[in-house]
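S.K.: Got a structure here, written out as structure tokens. Questions coming.
The values are calculated or read from the model by the stated rules, or taken from the named source; none is laboratory data. In this text the structure is predicted, and so the values were computed from the model without any measurement. Here the Cβ positions follow ideal geometry from the backbone for every residue, glycine too, while neighbour counts run over all protein chains shown.
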Amino acid sequence: MPLLFAITWGSVSGWWTPVCLLLGVLYAWLLYRNPVNLTRQMRNLLAVLRAVAVAIAAWLLVSPMIKAVNYEPQKPLVLIAQDNSSSIKDFRAQGFDPQQMEQQLSALKKDLGDDYDVRTFNFDGNLHDDFSTTYNGKQTDIAAAIHQLNDRFVNQNIGALVLATDGLYNHGADPQYEARNLKTSIYTIALGDTIARRDLLIANVNYNKTAFLGNDFEVEVLTAANQSKGEQMHLIITEDGRPIGSQQIAVTDNTFRKAVTLKLNADKKGVHKFTFSIAPIKNEISTQNNTETIYVEVLDARQKILLVYSAPHPDITAIKQAIESNQNYELKTLRADEVTAATKWNDYSLVICYQPTGTLAAQVAKTRVPVWYIAGTQTDLSTLNNSEKLLQINADRTDVQEVFAQPADGFALFTLADSTQQKLKLFPPLLAPFGSFKAAGGATVFMNQRIGNIVTKYPLLVFGDEGGRREAVLAAEGIWRWQLSEFQAYGSHHAVEDLFSQAVQYLTANAGQQRFRVYPAKAVFDEGENVLINAELYNDALELTNTPDVKINLQNDAGKNFSFLFSRAGQSYQLDAGVLPAGEYTYTATVKLGDKPQTARGQFTIKALNLETRQSTANHQLLYALAKQSGGQMLQPSQISELAKLIRKNENIKTVVYEDKRYSDLIDSKLVFFLILALLSVEWFLRKREGI
């Protein structure tokens, strides 16, 4: 780590240095020019000390600066990512030992350790530090692992990525697209077996998560068979453990695929468990993939939502798509000029008032229906401020500014997924009126405005309760930007849909009829997902309170109990029960409000993931393509010992030296102060010793 110093100059030219030296000499000559009771040698020595001290002091007035140049070498990073999903263990190639694989990768790290900065990871649905030998991941997302590595080591010297996997992924985007952003060589270690084995399986089930009472709904079951020509697949369908149908399917090819469409009936309200299973045959490689379970929530009817707008805008379509992604909601759009005295507001569970102008906001405010106001560049702000009291906007609507979303701490009215909250921070800016924003005392801020890199106290999205009616105000337009950005980056609209679904669920909940409400974040959780439960307690004045403790007991279908105490968050309660075993759960929550005990009951389901068993044949073509497009190479597990040599031969993997320049004023240096002090002190001592 070489460190070099040099003198440079500020606003004054360095040509003043000779003048400073001349000033020091002149000062010493004037002081010691007349003969005194000193020897010539002593007088010359004192003159030199005084000349140097004065010259240095004068030189500091020229503002010299010290330039320090630090050269920091950075070894190339070698990232080793090991697939820890269950398919590695369940469908291993003959002779493959998972424990030995971990030992070989550890030996590779040790071999490269002196010349390279080696970091080790394992991945399934997410990226984790260090290697693992459990191989119990329930899903595989190779693209997410590459993306997280790229984010973690951005702007660093990434020399190579070693990816040990079978090439099978069942979540996320195509890894080839994400690998293009990594800009480094990828060496793939091809695990798994590419030889198709005898196997019957349910490859996928396509269905809607909700249905409506009394209606029929269709489920598409994709059946598959490998190396089983001539066999008969016996498909059995059960609902809540009760057989409701079966079907015989003839296997006509060794690579057989057939989609079976089934019509089922929603004859009972609630969450129903449907199981599709194929009877096993002799010599199957695995029977774990013969069964697939889905959960369908049967509802009485959809909640109707009205979106009223003054003028066309791309946000209208974005909002409509986000809300209608939840089958519980039916959205109708209506232009402001189509609103009449005959409009039946009470037919709707929620009114979304988009950029109201004229009297639109005042008309909506007169109803008792929950309302969500969305402001923007065309909004009549004075009318809006008079119609709702949650957020006051003092601005000129002709001037706008770009604002980013910054989720507020402590928000607890409803719960969003962690991935959604992270995406909200990364989304492009919305357009808000340029001015000041102030939330009322009873408002709960969900998001604040971030202008550039500065997080302000101006609210962006607030929720509240006005006279028993729930309201929300979004102070900016441009939701369509979020929708397009998320699809471009992640290939989905999950975050935008999650935001609108949870917000609408909160706004449409009728809290006035129930003092104590306990509700999970969703009816069906995936296995491995944290179980989030919210609770709200209302006093006699129908105001939120969270003074008393709230306890909850969860019981699964195996009879096991889990007890928790809710945490207080804002004015409500929140519980993160963590990861629980798959199964069906009932819950009983209790609280004592004054002398009155309150109880809330409900149920939710944790769905077992069966994604890793749907494919048994490794995808080495993907691994070859990843290696080829990046300038790397695909290797077999038996060739891991050659990998260190290949990395060393790669001329693109080099140590990079970073130059760090720093400037500081010489006058701030303590060494210069002590030097001047030392010169003057020595001169003073010698003068006193000579009797001067």
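S.K.: Is there a residue in region 226-249 that is of a type in the set (A, V, I, L, M), outside the structural domain of Ile88 (by TED's automatic domain parsing), farther than 30 Å from Leu635 by Cβ and under 37 Å from the mean Cα position of the chain (by Cα)? Please lay out each step first, then the result.
M.R.: Initially, region 226-249 is screened for residues of a type in the set (A, V, I, L, M), giving 233, 235-237, 244, 249.
Within this subset, residues satisfying the condition of being outside the structural domain of Ile88 (by TED's automatic domain parsing) are 233, 235-237, 244, 249.
Filter once more, so that each one left must be farther than 30 Å from Leu635 by Cβ: 233, 235-237, 244, 249.
Of the ones still in play, those that are also under 37 Å from the mean Cα position of the chain (by Cα) are none.
Among the residues of region 226-249, not one is of a type in the set (A, V, I, L, M), outside the structural domain of Ile88 (by TED's automatic domain parsing), farther than 30 Å from Leu635 by Cβ and under 37 Å from the mean Cα position of the chain (by Cα), which makes the answer no.
S.K.: Could you please find all residues in region 419-440 being assigned to a helix (DSSP H, G or I) and either within 21 Å of Leu381 (Cα to Cα) or hydrophobic (A, V, I, L, M, F, W, C) (or both)? Even if it seems obvious, please write down each step before you answer.
M.R.: Taking region 419-440 and keeping what is assigned to a helix (DSSP H, G or I), we get 419-426.
Listed by number, the residues that qualify are Leu424, Leu426.
S.K.: Do you know which residues across region 173-192 are buried (at least 18 other Cβ atoms within 10 Å of the Cβ), touching a residue at least 60 places away in the same chain (Cβ under 8 Å) and either part of a strand (DSSP E or B) or of a type outside the set (A, V, I, L, M) (or both)?
M.R.: Listed by number, the residues that qualify are Pro175, Thr184, Ser185, Ile186, Tyr187, Thr188, Ile189, Ala190, Gly192.
S.K.: Among the strands (runs of 3 or more DSSP E) confined wholly to region 26-123, which include 1 or more residues that are more than 34 Å from the chain's Cα centre (by Cα) and not assigned by TED's automatic domain parsing to the domain that holds Ala160? Step through it out loud before you land on a result.
M.R.: On the way: elements: 64-74, 77-83, 117-123.
Hits in region 26-123: 64-74.
S.K.: Quick one: which residue in Val260, Val271 is closer than 26 Å to Leu213 by Cβ, assigned to a strand (DSSP E or B) and at pLDDT 90 or above? Explain how you work it out, then say what you get.
M.R.: Working: Val271 fails: at pLDDT 90 or above.
Of the residues listed, the single one that is closer than 26 Å to Leu213 by Cβ, assigned to a strand (DSSP E or B) and at pLDDT 90 or above is Val260.
S.K.: Here is a further query. I'd like to know if region 218-231 contains one or more residues that are hydrophobic (A, V, I, L, M, F, W, C), in a strand (DSSP E or B), at pLDDT 90 or above and more than 30 Å from Asp83 (Cβ to Cβ). Walk me through how you get there before you give the answer.
M.R.: Step one: of region 218-231, the residues hydrophobic (A, V, I, L, M, F, W, C) are 219, 221-222, 224-225.
Adding the requirement that they be in a strand (DSSP E or B) leaves 219, 221-222, 224-225.
Now narrow it down to the ones that are at pLDDT 90 or above: 219, 221-222, 224-225.
So of that shortlist, the ones also more than 30 Å from Asp83 (Cβ to Cβ) come out as 219.
Yes, because at least one residue in region 218-231 is hydrophobic (A, V, I, L, M, F, W, C), in a strand (DSSP E or B), at pLDDT 90 or above and more than 30 Å from Asp83 (Cβ to Cβ).
S.K.: Which residue, of Gly559, Gly583, is over 23 Å from Tyr538 (Cα atoms), touching a strand residue (DSSP E or B) at 6+ places or on another chain (Cβ under 9 Å) and among the small types (Gly, Ala, Ser)?
M.R.: Details: Gly559 fails: touching a strand residue (DSSP E or B) at 6+ places or on another chain (Cβ under 9 Å).
Gly583 is the lone residue from the list that is over 23 Å from Tyr538 (Cα atoms), touching a strand residue (DSSP E or B) at 6+ places or on another chain (Cβ under 9 Å) and among the small types (Gly, Ala, Ser).
S.K.: Report, by residue number, each residue of region 509-520 that is modelled with pLDDT of 85 or more and either farther than 30 Å from Glu292 by Cβ or outside any strand (DSSP E or B) (or both). Break it down into steps so the answer makes sense when it comes.
M.R.: In the first step, residues of region 509-520 are kept if they are modelled with pLDDT of 85 or more; the result is 516-520.
The answer is Phe516, Arg517, Val518.
S.K.: Let me ask another. Which residue out of Thr165, Thr140 is in contact with a His (Cβ under 7 Å, 6 or more places away or on another chain) and assigned by TED's automatic domain parsing to the domain that holds Leu623? Step through it out loud before you land on a result.
M.R.: Details: Thr165 fails: in contact with a His (Cβ under 7 Å, 6 or more places away or on another chain).
Sole residue among the options that is in contact with a His (Cβ under 7 Å, 6 or more places away or on another chain) and assigned by TED's automatic domain parsing to the domain that holds Leu623: Thr140.
S.K.: Still on this structure, I have one more. Would you please list the contacts, defined by Cβ atoms under 6 Å and residues six or more apart or on different chains, that run from a residue in region 309-321 that is free of Cβ contacts under 8 Å to residues at least 24 places away in the same chain to a residue that is buried (at least 20 other Cβ atoms within 10 Å of the Cβ) and among the aliphatic types (A, V, I, L, M)?
M.R.: Final answer for the pair search is Lys320/Leu331.
S.K.: Is it the case that region 197-204 has a residue that's aliphatic (A, V, I, L, M), modelled with pLDDT under 90, farther than 30 Å from Arg601 by Cα and part of a strand (DSSP E or B)?
M.R.: Yes: region 197-204 contains one or more residues that are aliphatic (A, V, I, L, M), modelled with pLDDT under 90, farther than 30 Å from Arg601 by Cα and part of a strand (DSSP E or B).
S.K.: Do we find that Ser87 is surrounded by 15 or more Cβ atoms within 10 Å (Cβ to Cβ) and in contact with a Leu (Cβ under 7 Å, 6 or more places away or on another chain) in this structure?
M.R.: Working: surrounded by 15 or more Cβ atoms within 10 Å (Cβ to Cβ): yes; in contact with a Leu (Cβ under 7 Å, 6 or more places away or on another chain): yes.
Yes; evaluated as a whole, the condition is true for this residue.
S.K.: Which residue is surrounded by the most Cβ atoms within 10 Å (Cβ to Cβ), if the candidates are limited to region 14-44 and must be β-branched (Val, Ile, Thr) and touching a residue at least 40 places away in the same chain (Cβ under 8 Å)? Before the answer, list the steps.
M.R.: As a first pass, look at region 14-44 and keep what is β-branched (Val, Ile, Thr): 17, 19, 25, 36, 39.
When the remaining residues are screened for being touching a residue at least 40 places away in the same chain (Cβ under 8 Å), the result is 17, 36.
Details: Thr17: 16, Val36: 14.
Among residues in region 14-44 that are β-branched (Val, Ile, Thr) and touching a residue at least 40 places away in the same chain (Cβ under 8 Å), the one surrounded by the most Cβ atoms within 10 Å (Cβ to Cβ) is Thr17.
S.K.: Take the residues of region 649-692 that are outside any helix (DSSP H, G or I) and of a type in the set (A, V, I, L, M, F, W, C): which is nearest to Asn37 (Cα to Cα)? Outline the logic, then answer.
M.R.: Taking region 649-692 first, the residues outside any helix (DSSP H, G or I) are 650-665, 669, 690-692.
Now narrow it down to the ones that are of a type in the set (A, V, I, L, M, F, W, C): 653, 656-657, 692.
Values: Ile653: 73, Val656: 65, Val657: 61, Ile692: 8 Å.
Going through the qualifying residues, I end up with Ile692.
S.K.: Just for region 317-360: of the residues that are part of a helix (DSSP H, G or I), more than 26 Å from the chain's Cα centre (by Cα) and aliphatic (A, V, I, L, M), which one is surrounded by the most Cβ atoms within 10 Å (Cβ to Cβ)? Explain how you work it out, then say what you get.
M.R.: First, the residues of region 317-360 that are part of a helix (DSSP H, G or I): 317-324, 336-338, 345-347, 360.
This time we only want the ones that are more than 26 Å from the chain's Cα centre (by Cα), so: 336-338, 345-347, 360.
Then drop every residue that is not aliphatic (A, V, I, L, M), which leaves 336, 360.
On the way: Ala336: 20, Leu360: 24.
That would be Leu360.
S.K.: Just name the residue that is nearest to Tyr490 (Cα to Cα) out of those in region 405-425 that are without any contact (Cβ under 8 Å) to a residue 60 or more places away in the chain and surrounded by fewer than 21 Cβ atoms within 10 Å (Cβ to Cβ). Quick ask: steps written out before the conclusion?
M.R.: So in region 405-425, the residues without any contact (Cβ under 8 Å) to a residue 60 or more places away in the chain come out as 405-409, 418, 421-422, 425.
Add one more test, that the residue is surrounded by fewer than 21 Cβ atoms within 10 Å (Cβ to Cβ), and what stays is 406-409, 418, 421-422, 425.
Working: Gln406: 20, Pro407: 20, Ala408: 24, Asp409: 25, Asp418: 15, Gln421: 14, Gln422: 13, Lys425: 15 Å.
Per the stated criteria, the residue is Gln422.
S.K.: Regarding Glu659, is this residue closer than 30 Å to Gln156 by Cα and either charged (D, E, K, R) or touching a Pro at 6+ places or on another chain (Cβ under 8 Å) (or both)?
M.R.: Numbers: closer than 30 Å to Gln156 by Cα: yes; either charged (D, E, K, R) or touching a Pro at 6+ places or on another chain (Cβ under 8 Å) (or both): yes.
When the stated conditions are applied, Glu659 passes them.
S.K.: From the list Glu497, Glu584, Glu536, which residue is touching a helix residue (DSSP H, G or I) at 6+ places or on another chain (Cβ under 7 Å), touching a residue at least 12 places away in the same chain (Cβ under 8 Å) and part of a strand (DSSP E or B)?
M.R.: Working: Glu497 fails: part of a strand (DSSP E or B); Glu584 fails: touching a helix residue (DSSP H, G or I) at 6+ places or on another chain (Cβ under 7 Å).
Answer to the selection: Glu536.
Residue-wise test of (1) at pLDDT 90 or above; (2) farther than 21 Å from Ser616 by Cα.
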{"site": "Ala57", "(1), (2)": "no, yes"}
{"site": "Met65", "(1), (2)": "no, yes"}
{"site": "Gly95", "(1), (2)": "no, no"}
{"site": "Ala107", "(1), (2)": "yes, yes"}
{"site": "Thr134", "(1), (2)": "no, no"}
{"site": "Ala143", "(1), (2)": "yes, no"}
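S.K.: Please count how many residues of region 361-387 are over 16 Å from Ala311 (Cβ atoms) and part of a loop (DSSP other than H, G, I, E, B).
M.R.: The number of residues fulfilling the criteria is 5.
S.K.: Restricting attention to region 464-484, and to residues there that are surrounded by 22 or more Cβ atoms within 10 Å (Cβ to Cβ) and among the hydrophobic types (A, V, I, L, M, F, W, C), which single residue is nearest to Gln422 (Cα to Cα)?
M.R.: Ranking the qualifying residues of region 464-484, first place goes to Trp482.
S.K.: Now, a different point. How many residues does region 144-161 contain that are surrounded by fewer than 21 Cβ atoms within 10 Å (Cβ to Cβ) and either under 22 Å from the mean Cα position of the chain (by Cα) or of a type in the set (Asp, Glu) (or both)? Reasoning before the result, please.
M.R.: Here is the first cut: in region 144-161, the residues surrounded by fewer than 21 Cβ atoms within 10 Å (Cβ to Cβ) are 148, 150-157.
Now restrict to residues that are either under 22 Å from the mean Cα position of the chain (by Cα) or of a type in the set (Asp, Glu) (or both): 148, 150-156.
Looking only at that region, the number is 8.
S.K.: Oh, and also: Can you spot a residue in region 662-674 that is within 30 Å of Asp526 (Cα to Cα) and surrounded by fewer than 18 Cβ atoms within 10 Å (Cβ to Cβ)? Lay out the reasoning, then the answer.
M.R.: Looking only at region 662-674, we keep the residues that are within 30 Å of Asp526 (Cα to Cα), and these are none.
Checked region 662-674: no residue is within 30 Å of Asp526 (Cα to Cα) and surrounded by fewer than 18 Cβ atoms within 10 Å (Cβ to Cβ).
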